[in-house]
Amino acid sequence: MTDHFASFGEPRRPWLDEEALKARFHALTTRHHPDVAENAGEAANPFAALTVAYRVLGDARARLRHLLELEAPEEPFRGVPAPASVGDLFPEMGAKKHALDAFLKKRADATSALAKALLASEQFALQEELEDWLGILEAERTKWLARLPELDAAWMHAAGDQAKRPVREVAETAQALGYLDKWSAQIREGLVRLQIGA
């Protein structure tokens, strides 16, 4: 398995400074870009690998999953339940998704311009409701991201002692971010569909 942390010369850890990572990416890709490298054919692979590494390390959920795959591959993280604060959002998310799907079907079934026009106020109300819900999801995601520096400090403090690393907490954070990212993407897609009439 490729170690994306090593590609950037970074220690394996839960939190990375985004600006420093971005600056390192630009420095590395400038040196390895196919247009400026001495042998463009050979440089294409390091450039592509750096791009993949940057995508993984730049995304908190992907970085945490990658860290766990490297540092604790024997741990069964797929079965980690959703954290309680995220689990509490499941019913509401289901209700929002159901309301969105029901409205989109109703609008698709409306055959006349008048029937579609009569749905405008309902659409507006649903859009506002979904935008508010997206704000709730983003606030919850921000809370989980705010935990990363603390997890990082504990991870780095445990350095060589695998048993003291907060592996379970890192897995829980990755799980929470996974759900929240997926739900936010679904709500954003729904808002787009509402606005374009799809």
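General remarks:
- Scanning region 68-100 for residues that are in contact (Cβ under 8 Å) with a residue 12 or more places away in the chain, of a type outside the set (S, T, N, Q) and in a helix (DSSP H, G or I) yields a count of 12.
- Selection within region 90-113: residues that are surrounded by 11 or more Cβ atoms within 10 Å (Cβ to Cβ) and among the aliphatic types (A, V, I, L, M). The member of this set that is nearest to the chain's Cα centre (by Cα) is MET93.
- Residue that is modelled with the lowest pLDDT, among those in region 12-67 that are in a loop (DSSP other than H, G, I, E, B) and either exposed (fewer than 15 other Cβ atoms within 10 Å of the Cβ) or assigned by TED's automatic domain parsing to the domain that holds GLN162 (or both): ASN39
The values are calculated or read from the model by the stated rules, or taken from the named source; none is laboratory data. What you are looking at is a predicted structure, and each value in this text was computed from that prediction instead of being measured. Neighbour counts run over all protein chains shown; Cβ positions are idealised from the backbone, glycine included.
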